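For reference, the structure is listed below as structure tokens.
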Amino acid sequence: MSAAVRRLTSRDMRRATGRVVSLAARGGADANGDTRGHHLGCAPDHTGDVVLSELEVGSSGVIVGFSSALRPEVARRLFDLGFVPGVEVTVVRRAPAQDPVVFRADGVDVALRCSEACGVLVAAGHNPDEFVLRSRRRALLASAS
Amino acid sequence: MRRHAASHGGCHGEDSGGVTVDAPRIALVGSPNTGKTTLFNALTGLHQKTGNYPGVTVSRAEGVVETPRGRVVLEDLPGSYSLDPISPDEKVVTDVLDPDNHELPAPDGVLVMLDSTALRRSLGLLSQVLQMGLPTTAVVSFTDELARRGGSCDVEALQRALGIPVVAVVSGGSGRTRLLELLDEPSSWATPPLPPPLEPEESAAWAASIAAAAGYRSPETDARTRAIDAVLLHPVWGTLTFAAVMFLFFQIIFTVAAPLQGWVEEAFAWLGAVAGEHIGNEWVRSFVADAVIGGVGGVLVFVPQIALLFVMVSFLESVGYLSRAAFLMDRLMSRVGLEGRAFVALLSSFACAIPGIMATRTLPSSRDRIATMMVAPLMTCSARLPVYVLLIGMLVPAGASVGPFGLQGVAMFGLYLLGAVSAMAVAWVFQKVTGRDEPLLPFYMEIPPYRVPSLRNMARAVWDACAHFVRKAATVILATAVILWLLLNLPIQGAAQMEAAGVDTADEAAVAVYTLDNSAAASVGRALEPVFEPLGFDWRINVGVLSSLAAREVFVATMGQIASASDPENPQASLEQMTVTEPDGSVRPLFDAPTIAALLVFFVYAMQCMATLAVMRRETGGWKWPVIAFVYMFALAWTMGFLAHTVVGLLV
């Protein structure tokens, strides 16, 4: 065994989870600096960003981050399931009662309830280049302010 | 012999290993639906044992793999999406792999499943496992499906990129040979010079770069799955198909199982007769025939149903339909605080609550697991059927009908509905009472593509379930049957005593009645009279209810015995003639309408099955929940029985 191998500790994992959640900050604040509200309602509050639960069946979006109202372990679990920022997610179908919803992320179909799906922020429209452009623009804006 | 030690050591219930010490231990890790179970079954064949991890109700499967140079112990760890655990199952995986955890033996090597149809995600788990510093080999699965769906992956390039051995395993391919050779010497496995990054973004980037280095091309959406799901998950067609599948499910459980059950019953009746012929002493003969053979037979008569149930459930699961059924049912289940997967466990409880309770292991949240276990016995199990048939036969005239439906059938359906609705209501109450303590687990469920079911996996699942049921139920029911036999037949009445009481000792039936009247069980029955009097029960019904603690259907046979019925299997006529004297001196039939209604409702709710309690104890790891279940169900049964008695008394 290589001595350079680092042993995974629970502290490392918690820190990693914290990083997943802080990906919400990547979603950014809007022009007024307001971040997501405290309720886990499904209203978008980032200009230009929607939540996953709002997408129509058949449409796609690229994941930009997680809502800060989402519990850290939930964000971590979604990340591990394949809901990674930068990945394109497609809405496959909804259950007869509209909940839960099947999403396709990175080749895998996962069913999520709306209460979890509305914690995932996506940029609507599935042009990955557009996503890169937007996040660069956002980073520029953030560094300029 | 060492091989037998490996497969037998302490396998009857809770233990923490006890397998051969010097064989290398390999852990098998992977997400659900990656082909892990198939690999485990293929490598270990019949040399498997199952049990529980110490202190938690997580099932543990270990097997012995015959390698070219010896043998290896393979431990099939629970399916896990991440080493940052969200459920007890996943915590076990982390604990086993954690080098600082000394409770569980650390493996000498780890096999990580990589699903080639979802490579990047699988690589995420692999990157976490590599952090643990154990010798690791990656096993790539579903490469045939990947090719069929237009994807590709260069396994050798993947091996070079990862720096650890990578083996692609398809049935009939050469990967298995190489894997067996590797398993011999885990310390010889190549390790990467640098561990993968831990930070989530970097880890995702690492996975993407590895996939790119392996020339990975994502597969197209599985056209076959999409086409089937267009029907099976369609709002209208999907729901109809689901209803049809459920209907078929029940038909098979009850109709197809019936002849098989008949054979088992006949076999045991024959055994009882043979025992009767060859054992001289009447007391011993009764013990062997009634308690032992009757008790064991009473359990084994359910095995055909349970086996059929598991065949269907494991078929639906292997094919991939179960997650879709859970998807369709999730909304309804979440209203009462459960989730879609609980539906499968509750469905299984319609045959017998024991496999239903065992099926709750698929629920990641332990709170959901316990909630489902608490309500599973309320689903009308098939042991209640003989009781319902007898009592409904006495309550409702055979020819009566409501519109086109026979009233007896309507009554039976009503009882089933009452059980199911009550289960939902109790689950809702349970959620209200316990929901505040811990945060709810998020609901997520992978919907795998439809795959051809593996017969070997199904066979193993059915065998394990039946073996578990027989072991658990047989021991408990047998013990209870013996105790009940003792209660019903002791104290032994001497001939002189009987003659003094005016009993004709040549008349077997009269002797039996006298013995019963003066038995210990009768004393218990009389002692319980104050408790059950508001429901209209007298001591004889109390004895019948007491006997149903062994198994519910024993009630019918016991009542037959009490009524000294000429045909113990159909005691209805004799029971209808039984009378009881009220405190005010009036005489009424014992089985009048309010009493029958109370008895029926009592059987809907009461937790009588000792075997179910025993399984509950095992699955929850203690007596707390079984006791709570027993107490709340008894209270519910008594209250509802009293209500039924009062209401029907007013109506009649």
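Results, tabulated for the structure shown:
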{"read-out": "Carbon + sulfur, % of accessible area of the protein assembly as shown - ligands and nucleic acids excluded, 1.4 Å", "value": "62"}
{"read-out": "Partner lysines for B:Lys432 [C-alpha distance under 28 Å; skip if fewer than 8 residues away on the same chain]", "value": "B:Lys91, B:Lys624"}
{"read-out": "Segment B:273-411: proportion of alpha-carbon pairs further apart than 27 angstrom, %", "value": "45"}
{"read-out": "Relative counts (whole %) of C-alpha pair distances in segment B:537-642, using bins that are 5 Å wide", "value": "2, 12, 18, 21, 17, 13, 8, 5, 3, 1, 0"}
{"read-out": "Average projected area [Cα convex hull, chain B], square nanometres", "value": "34.0"}
{"read-out": "Eligible aspartates and glutamates near B:Lys36 by straight Cα distance, threshold 16 Å, same-chain separation 8 or greater", "value": "B:Glu62, B:Glu75, B:Asp76, B:Asp89, B:Glu90, B:Asp115, B:Asp144, B:Glu145, B:Glu317, B:Glu446"}
{"read-out": "Per-residue ³J(HN,Hα) for segment B:220-228, Karplus 6.51 cos²θ - 1.76 cosθ + 1.60, θ = phi - 60°, Hz, x for Gly and Pro", "value": "5, 4, 5, 4, 4, 5, 4, 5, 5"}
{"read-out": "Segment B:40-130: translational diffusion in µm²/s, Stokes-Einstein, Kirkwood Rh over Cα pairs, 37 °C, 0.692 mPa s", "value": "230"}
{"read-out": "Summed residue charge, Cβ within 15 Å of B:Thr595's Cβ, Lys/Arg positive, Asp/Glu negative", "value": "-4"}
{"read-out": "Shielded residues, segment B:323-354 - accessible-area loss of 20 Å² or more between chain alone and all protein chains, probe 1.4 Å", "value": "B:Phe327, B:Leu328, B:Asp330, B:Arg331"}
{"read-out": "Among beta bridges that DSSP assigns inside segment B:15-140, antiparallel share in %, nearest 5", "value": "50"}
{"read-out": "Pairs of alpha carbons in segment B:345-402 whose separation is greater than 16 Å (percent)", "value": "52"}
{"read-out": "Kirkwood estimate for segment B:109-168, i.e. one over the average of 1/r between Cα atoms, Å", "value": "11.6"}
{"read-out": "Relative contact order (%) - criterion: Cα under 8 Å, at least six apart; region: chain B", "value": "10"}
{"read-out": "Rule-of-thumb Rg ratio for segment B:593-650 [Cα; 2.2 N^0.38 Å; N residues]", "value": "1.33"}
{"read-out": "Per principal axis, descending, Cα span of the protein assembly as shown in whole Å", "value": "105, 64, 43"}
{"read-out": "Trypsin sites (Lys or Arg not before Pro) within segment B:53-89: DSSP coil, no more than 15 neighbouring Cβ in 10 Å", "value": "B:Arg69"}
{"read-out": "Area hidden from solvent between B and A (accessible, protein heavy atoms only, 1.4 Å, total, Å²)", "value": "4200"}
{"read-out": "Where chymotrypsin sites (Phe, Trp or Tyr not before Pro) fall in DSSP loop in segment B:606-652, at most 14 other Cβ within 10 Å", "value": "B:Trp623"}
{"read-out": "Partners for B:Lys472 among aspartates and glutamates (Cα-Cα distance below 17 Å; same-chain residues under 8 apart left out)", "value": "B:Glu14, B:Asp15, B:Asp464, B:Glu619"}
{"read-out": "Ellipsoid equivalent to segment B:463-539 - semi-axes via the Cα gyration tensor, in Å", "value": "32, 20, 10"}
{"read-out": "Segment B:591-649-segment B:399-464 distance, computed between alpha-carbon centres (Å)", "value": "19"}
{"read-out": "Accessible surface, chain B, averaged per residue in Å² (probe 1.4 Å)", "value": "42"}
{"read-out": "Amide proton proximity set for B:Met445, modelled H, under 5 Å, gap of 5+", "value": "A:Ala111"}
{"read-out": "Structure-based [θ]222 nm, chain B - -39500 (n - 2.57) summed over DSSP H runs of at least 4, per residue, nearest 500", "value": "-17500 deg cm²/dmol"}
{"read-out": "Amide H contacts of B:Leu74 (H built 1.01 Å from N, under 5 Å, at least 5 apart or other chain)", "value": "B:Ile26, B:Gly63, B:Val64, B:Val65"}
{"read-out": "Backbone HN-Hα couplings from phi across segment A:109-120 [Karplus 6.51/-1.76/1.60, Hz, Gly and Pro as x]", "value": "8, 10, 8, 10, 7, 4, 5, 8, 5, 7, x, 9"}
{"read-out": "Sequence-distant residues sharing a close amide H with A:Ala124 (under 5 Å, placed H)", "value": "A:Val50"}
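The values are calculated or read from the model by the stated rules, or taken from the named source; none is laboratory data. Here the structure is a predicted model, which is why all the values come from computation and not from measurement. Methodologically, a virtual Cβ is constructed for each residue, glycine included, from the backbone with ideal geometry; neighbour enumeration extends over all protein chains shown. Remember, those area values only see protein heavy atoms, side chains included, never the ligands or the DNA or RNA. Shrake-Rupley method; radii C 1.70, N 1.55, O 1.52, S 1.80 Å.
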